[in-house]
Amino acid sequence: MKKHTCPCCKKNKTSKFLVSKKFPYFTTPIKDISKKKIKKKNYLKYFDDLKYSFCKICDHVFLIKSPNFKIIDELYKKFYSYPSAMSGDFLPTRDDAFLNFLKKYLGKNKKKDCSFFEIGCYDGYILYQLKKQGFKNVAGCDPSVGARIAIRHGLNVKNEFFNVSKIKNKYDFIIARHLVEHLDNPLQFLKSLENIINENTKIIIEVPNGEFYLKKGLVEVFSHQHIHLFNKFSMQSLVKDTNFGIEKIKQEGANIYFILSKKKEINKIKKIPLVKRFLKKYHHNLKKIKLILKFYKDKQIIFYGAGGFCCAAIHLYKIDKKIIHRILDSDKNKINKEFLHIDKKIQRNNINLNSDNLAIITSYYTDDILKLIKKKNISKNIMLIHPEIKLKRLK
């Protein structure tokens with residue numbers, strides 16, 4: 001196999017990690033009329049082989065070929081849909097966890113005149129909460145329709161991609177949540193931030209926690225949009241080529257926070273062998289899912305959660321699309337839409353179902369969805385995927 005240079009440590013000691021044929025670029029449900037138009041044109045261009053490699057030095061996992069960004073940009077421009085916490089569409093569990101981490105880090109004595117800039121702020125929920133805490137100088141940018149929600153709430157948010165040359169101010173805190181793993185050149189991005197910082201600026205990065213996924217053999221994090229899967233050691237390797245150092249690391253389950261500053265690292269990060277653990281656990285998970293589905297083969301199989309997680313789970317856990325009876329979601333913006341490659345309309349979670357079926361939760365918000373399934377009596381039999389694969393029977 002051809003060796004590829006690791007984007008973090010710059011070594012070329014890499015090996016094949018995970019491959020999935022004809023993985024969809026579109027992992028967001030779209031309207032039926034849009035789907036028909038796409039199928040009439042060049043339907044196959046919206047699928048490509050998903051090929052990941054891993055670095056034997058720093059265990060960084062990355063796509064060996066950059067995705068087609070024209071197609072991804074088209075996805076975000078025309079079809080991207082994500083529930084808005086600002087509009088009350090869902091409980092922002094992940095966002096609140098980040099805010100709790102940030103609040104503890106800032107402490108009680110942080111000056112209220114500190115400035116914040118969030119790159120990829122979506123609907124501005126984080127900025128809004130910071131403003132409520134008394135921080136007046138908050139701003140951000142986001143290319144999606146979410147930015148318009150932020151603007152309607154009076155936030156200083158630009159509806160555009162991040163362009164460092166357009167930013168004239170320097171900020172005390174720069175926030176980039178679930179952004180860096182999407183970038184073709186994360187090193188270039190980090191270096192560009194030097195143009196908008198002062199000597200004491202803190203750069204706060206949140207990415208999927210590679211250590212969490214690799215230890216548990218979970219694959220729902222992988223897609224054409226996720227070019228990288230960072231762990232503590234690979235992020236340290238990346239940052240070494242900048243003028244920043246890692247001041248603090250906090251692992252929060254499936255997510256990990258890094259605080260970068262011009263200070264040197266406080267602690268040396270010890271590397272642990274992650275990929276070998278992943279391969280063993282992943283194949284164990286495949287067998288476990290196969291056994292559960294075989295046991296419930298005569299039941300209706302319901303998927304709850306109509307997002308990228310669902311697409312990744314079906315493809316990478318090798319679940320036959322033919323067994324899908326229904327796909328449910330609580331996000332009103334997804335109802336009656338379909339995935340590009342699955343001919344099932346997304347339905348509301350208030351339909352009457354036989355509670356003896358099997359519900360598979362394909363979402364990161366497992367606990368919240370479990371409560372909904374129990375409340376609405378959707379199913380007594382639940383297959384959890386996140387944070388680990390197991391069968392749960394509700395009373």
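What to note about this one:
- Within the stretch 20-40, restricting attention to residues that are surrounded by 15 or more Cβ atoms within 10 Å (Cβ to Cβ) and of a type in the set (A, V, I, L, M, F, W, C), the residue that is nearest to residue 344 (Cα to Cα) is 30.
- Exactly one residue out of 66, 165, 84 is in contact with a helix residue (DSSP H, G or I) (Cβ under 6 Å, 6 or more places away or on another chain) and either touching a residue at least 60 places away in the same chain (Cβ under 8 Å) or surrounded by fewer than 17 Cβ atoms within 10 Å (Cβ to Cβ) (or both), and it is 84.
- Residue satisfying condition, being in contact (Cβ under 8 Å) with a residue 60 or more places away in the chain, among the hydrophobic types (A, V, I, L, M, F, W, C) and either surrounded by 15 or more Cβ atoms within 10 Å (Cβ to Cβ) or out of contact with any helix residue (DSSP H, G or I) (no Cβ under 8 Å at 6 or more places or on another chain) (or both), within set 302, 314, 272: 302
- Test set (1) among the hydrophobic types (A, V, I, L, M, F, W, C); (2) surrounded by fewer than 20 Cβ atoms within 10 Å (Cβ to Cβ); (3) out of contact with any Pro (no Cβ under 7 Å at 6 or more places or on another chain) - residue 17 fails condition number: (2)
- Within the stretch 168-189, the residues that satisfy the criterion of being surrounded by 13 or more Cβ atoms within 10 Å (Cβ to Cβ), within 21 Å of the chain's Cα centre (by Cα) and in a loop (DSSP other than H, G, I, E, B) are 178, 179, 183, 184.
- Qualifying residue in the stretch 215-223 (condition: out of contact with any Asp or Glu (no Cβ under 8 Å at 6 or more places or on another chain), of a type in the set (Lys, Arg) and over 24 Å from residue 110 (Cα atoms)): yes
- Candidates 258, 233, filtered to the one that is surrounded by 18 or more Cβ atoms within 10 Å (Cβ to Cβ), closer than 30 Å to residue 75 by Cβ and among the hydrophobic types (A, V, I, L, M, F, W, C): 258
- Scanning the stretch 256-303 for residues that are acidic (Asp, Glu) and more than 27 Å from the chain's Cα centre (by Cα) yields one hit, 298.
- Selection over the stretch 69-115 of residues that are of a type in the set (A, V, I, L, M, F, W, C), under 20 Å from residue 175 (Cβ atoms) and in contact with a strand residue (DSSP E or B) (Cβ under 8 Å, 6 or more places away or on another chain) gives a count of 5.
Results for (1) closer than 30 Å to residue 386 by Cβ; (2) basic (Lys, Arg); (3) more than 20 Å from the chain's Cα centre (by Cα); (4) assigned to a helix (DSSP H, G or I), shown as yes or no for each residue.
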residue: 140; (1), (2), (3), (4): yes, no, no, no
residue: 161; (1), (2), (3), (4): yes, no, no, no
residue: 191; (1), (2), (3), (4): no, yes, yes, yes
residue: 206; (1), (2), (3), (4): yes, no, no, no
residue: 211; (1), (2), (3), (4): yes, no, no, yes
residue: 214; (1), (2), (3), (4): yes, no, no, yes
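- Some residue of the stretch 140-151 being over 30 Å from residue 224 (Cβ atoms) and either modelled with pLDDT of 95 or more or surrounded by 14 or more Cβ atoms within 10 Å (Cβ to Cβ) (or both): no
- Subset of the stretch 361-395 [part of a strand (DSSP E or B) and loosely packed, with under 14 Cβ neighbours inside 10 Å]: 390, 393
- Residue 224 meets all of the listed conditions (1) under 19 Å from residue 62 (Cα atoms); (2) part of a helix (DSSP H, G or I) but one, namely (2).
The values are calculated or read from the model by the stated rules, or taken from the named source; none is laboratory data. Here the structure is a predicted model, which means the values were calculated and not measured. Don't worry about glycine lacking a Cβ; one is built from the backbone with ideal geometry, like all the others, and counts go over all protein chains shown.
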